[in-house]
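In what follows, a structure is listed as structure tokens, so that the remarks can point back to it.
The values are calculated or read from the model by the stated rules, or taken from the named source; none is laboratory data. Source: prediction; values computed, not measured. Don't worry about glycine lacking a Cβ; one is built from the backbone with ideal geometry, like all the others, and counts go over all protein chains shown. Note: accessible area is taken over every heavy atom of the protein model, side chains too, but ligands, DNA and RNA are not part of it. Shrake-Rupley method; radii C 1.70, N 1.55, O 1.52, S 1.80 Å.
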Amino acid sequence: MKRFRLKKKMLGAACLLQVLLLCLFGCTSGSSDTVERTDENTVKAVFSDMSRHVCDAQKLSAAASGAGMSLSVDESLGSIAVSDASSGKLWSALPVAQNTYSAEACAVSAVLTDGKKYYELNSQDNAAAFGTVSCKSISGGTEITYIMAESASLAAASREAADGARLEITVSYTLEDEALRVFSDASRTYVSEGFYLCSLSLLPYFGAESDETAADGDFILLPDGCGALMYTGDCSEARNQSLKTYSDALIPAFGVKQGTGAFAALADEGAAASTVKAEKNTATRCRRAWAEFSFSGADELASCGMYYRFLNGVNADYSSMAAACREHLIRKGMTDFVDDTENTSLPFFITLTGKIKKTDSAISTFKTLTDFDEAEDMLTVVKAKGITNLKVRYSGVLSGGVSQKDIKTARPLLSLGGKSGLKTLAEFAENQNIGLFIDVSLASASVHGGFPSGELYGGKAALSNPMSGICGPQTYEYEVLNTSGYRERLLALLNSTSRLSLTGYCISEAGVSAQADTDEAFAKISTALGAEHKIMVDGGAFCLLKNASYISGLPLSASVANSADYESVPFVQMVLHGSLVYSGTPLNLAENTSDALLKNVEYGACPSVMWNYIAIDEQDKCAYAPLLDETVKLYERLDSELSGLQTMRITDHYELAPGVFVTKYNGEVSVYVNYNDTAVSADGVSIAAKDFIRVG
């Protein structure tokens, strides 16, 4: 009778989820074929006059004030500035004095195309120069309409008569929630017939620096992997970064520090279409960071928004920038607090692999690494050894293995135990209070046996093979589905697994699509799944965080090695810790296990391993049996020192001495990490070589 009631409850939940999906989904997107952009087929804006590219403080008029800030506008230039009373800093869309990069500065820039050529337009040379900028006072600020075109006559023409590259866009600048809000409404954006918008940059020179204002200690904070500081005091070497949201940047945010003032910027609407960019230009001597929003289809206009929070004094650092981003996400309901009611011991992440293709081809043979019975046996042993708070990600479970087929037809693999075997494993995990998360790919499928012909595709992508170097190729090629097909595939997943007692899913490819509506579609996926299931996210895509509980494989480094002008910092971890539980790189796959362990401790990451039941050879680093006892001892030390921190915020992080770092939690607990080969005493604390210590 109990089993019958459970089955009835599960079927009822599946029906409720289907109803929720019907309410949530229902969008399609178009696409256009264009030539690749080159210098030869790009028409650049014609420089008008330097006076239109420089902020004249005498021409600024008050637009709004509040929370120690005042917003001003130059109506003739369509430019804005924010004065921070605490630091005395004036943050301007245009440079406040003529310098080496002034001729390029603008408040808004855009690129249009007709499919053959690309047209670069900006608010100063293509709107202010033609007198086609208009301002309107609104609650909390100002609203500026820019009509940008190739020529004055085209700018002045009506929408219907425009026969060239012409963009009409309205941007609102308001002070709200103790921040500057910049917003472009897609419903008020008009592109001339035969053209479409490729990219849009809002305030691309806001807070830009030149040699005259740059100082030692100034930096740009970038969401590169875990986060990175690009130091801007010295501009002797050029450096450029372009970080696409979800694939290169997990959080669409950046920060700028200049002297005693700073700001943190976070993309809001249209975040999935954003790319965080930064440059140190040795020719123009310009240092700047901004967000560019990209669009790929003629029918794909999306609203775009940014928030800027201003900091000063001792708060003008990356810890406070992370806190500002975290506070904004909490206000918007994107993150909450970790639920610690289930288990107070330190979570331990295990990634299991069911079946994997040996090569990325249609005729490849498969290797079974852990079937459902073996997974249950492994987890039974691990828990008996004393690791009770287990979060298990199980990949390669459905048709196609790690290189999954279309979810519409994918089913639990018979060679692993089929539906009955997976159901038995899921019931075991629930009874043992083990978090089990089955990998699913909803937006992509293997090019070999992937989507049915005739369906819409968003292109192709190469996704990394987590087992590369042990089994299989470095990457697998996938077809990417347009967002219009997500609802149907999610329904198929729910229907095919409704009787399997599954309580969790791991969404493994959130960053694979470059479409502007991806964030909305994935948010709907996580909302629907999260209604009745726990969600784990592979890598930590921003659009899924609201409904996720765990993150597997959150980056603990930047894409660029540390140097004198570029340094990785735990920015992403400081934003997320205390809201979600995350792991880093599996310790058994690290080149230097000791340093990898210390990095996990420094960045507040839970320990993780990638284990298989079957050993491929004697050198297999993922065979769990030989590693078990040593791993249990390591976990016992970590749990005794670090348990209880998962519910706390990381409130500060800094380098105390060369090779010695401090991570502070809630301003109460300090964790000292020493990467040196010798013991170090600092701040009244002695830390052994290659070790860590908790104080508080």
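A compact table of results
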quantity	calculated
Verdict on Ser643 being closer than 24 Å to Lys383 by Cα, open to solvent by less than 70 Å² (accessible area, probe 1.4 Å) and of a type in the set (Ser, Thr, Tyr)	yes
Any hit, region 144-158, residues being more than 16 Å from Leu121 (Cβ to Cβ) and out of contact with any Lys or Arg (no Cβ under 6 Å at 6 or more places or on another chain)	yes
Region 648-696 - residue that is polar (S, T, N, Q), more than 15 Å from Leu597 (Cβ to Cβ) and within 28 Å of the chain's Cα centre (by Cα) and, of those, least open to solvent (accessible area, probe 1.4 Å)	Ser670
Matching residues, region 276-305, being closer than 15 Å to Leu221 by Cβ and among the aliphatic types (A, V, I, L, M)	Val276, Ala278, Ala289, Ala291
Residue pairs meeting the criteria (Cβ under 9 Å; at least 6 apart or on separate chains; first under 8 Å from Ala443 (Cα atoms), in region 475-496; second at pLDDT below 75 and part of a helix (DSSP H, G or I))	Thr483/Thr518; Thr483/Glu520; Thr483/Ala521; Thr483/Phe522; Tyr486/Ala521; Tyr486/Phe522; Tyr486/Lys524; Tyr486/Ile525
Test: Ala228 is of a type outside the set (D, E, K, R), in contact with a Ser or Thr (Cβ under 8 Å, 6 or more places away or on another chain) and farther than 17 Å from Cys286 by Cα	yes
Any hit, region 385-398, residues being surrounded by 15 or more Cβ atoms within 10 Å (Cβ to Cβ), modelled with pLDDT of 95 or more, aromatic (Phe, Trp, Tyr) and closer than 24 Å to Ala429 by Cβ	yes
Criterion violated by Lys419 - all others in (1) open to solvent by less than 10 Å² (accessible area, probe 1.4 Å); (2) in a helix (DSSP H, G or I) satisfied	(1)
Residues located in region 556-582, provided they are within 22 Å of Ser274 (Cα to Cα) and either at pLDDT below 95 or part of a helix (DSSP H, G or I) (or both)	Ser559, Val560, Phe571, Val572, Gln573, Met574, Val575, Leu576
Extreme residue, most open to solvent (accessible area, probe 1.4 Å), among residues of region 569-596 that are among the polar types (S, T, N, Q) and in contact with a Lys or Arg (Cβ under 7 Å, 6 or more places away or on another chain)	Ser594
Residues being in contact (Cβ under 8 Å) with a residue 60 or more places away in the chain and under 17 Å from Ala110 (Cα atoms) - total across region 121-160	10
Condition check for Ser242: open to solvent by 20 Å² or more (accessible area, probe 1.4 Å) and assigned to a loop (DSSP other than H, G, I, E, B)	no
Identity of the residue in region 245-267, assigned to a loop (DSSP other than H, G, I, E, B) and small (Gly, Ala, Ser), that ends up nearest to Ala283 (Cα to Cα)	Gly259
Residue under evaluation Tyr231, criteria (1) open to solvent by less than 50 Å² (accessible area, probe 1.4 Å); (2) of a type in the set (Phe, Trp, Tyr); (3) modelled with pLDDT of 95 or more, criterion not met	(1)
Residue within region 597-613 that is within 25 Å of Gly396 (Cβ to Cβ) and open to solvent by 50 Å² or more (accessible area, probe 1.4 Å) present	yes
Unique residue being within 16 Å of Gly435 (Cβ to Cβ), surrounded by fewer than 24 Cβ atoms within 10 Å (Cβ to Cβ) and within 15 Å of the chain's Cα centre (by Cα) when the list is Gly553, Gly539	Gly553
Criterion: touching a residue at least 24 places away in the same chain (Cβ under 8 Å), more than 18 Å from Ala291 (Cβ to Cβ) and under 31 Å from the mean Cα position of the chain (by Cα) - qualifying residue of Asp177, Asp163	Asp177
Only listed residue being over 17 Å from Ala128 (Cα atoms) and among the acidic types (Asp, Glu), chosen from Asp84, Asp74, Asp49	Asp84
Flag if Ser70 is surrounded by 13 or more Cβ atoms within 10 Å (Cβ to Cβ), touching an Asp or Glu at 6+ places or on another chain (Cβ under 9 Å) and modelled with pLDDT of 95 or more	yes
Single residue of region 270-318 satisfying the filter (among the polar types (S, T, N, Q), open to solvent by 10 Å² or more (accessible area, probe 1.4 Å) and assigned to a strand (DSSP E or B)) that is nearest to Pro252 (Cα to Cα)	Thr275
Selection count where residues are at pLDDT 70 or above and either touching a Cys at 6+ places or on another chain (Cβ under 8 Å) or open to solvent by 40 Å² or more (accessible area, probe 1.4 Å) (or both), scope region 432-462	8
Candidate set: region 526-552, residues that are aliphatic (A, V, I, L, M) and closer than 19 Å to Arg487 by Cβ; chosen: the one modelled with the lowest pLDDT	Ala541
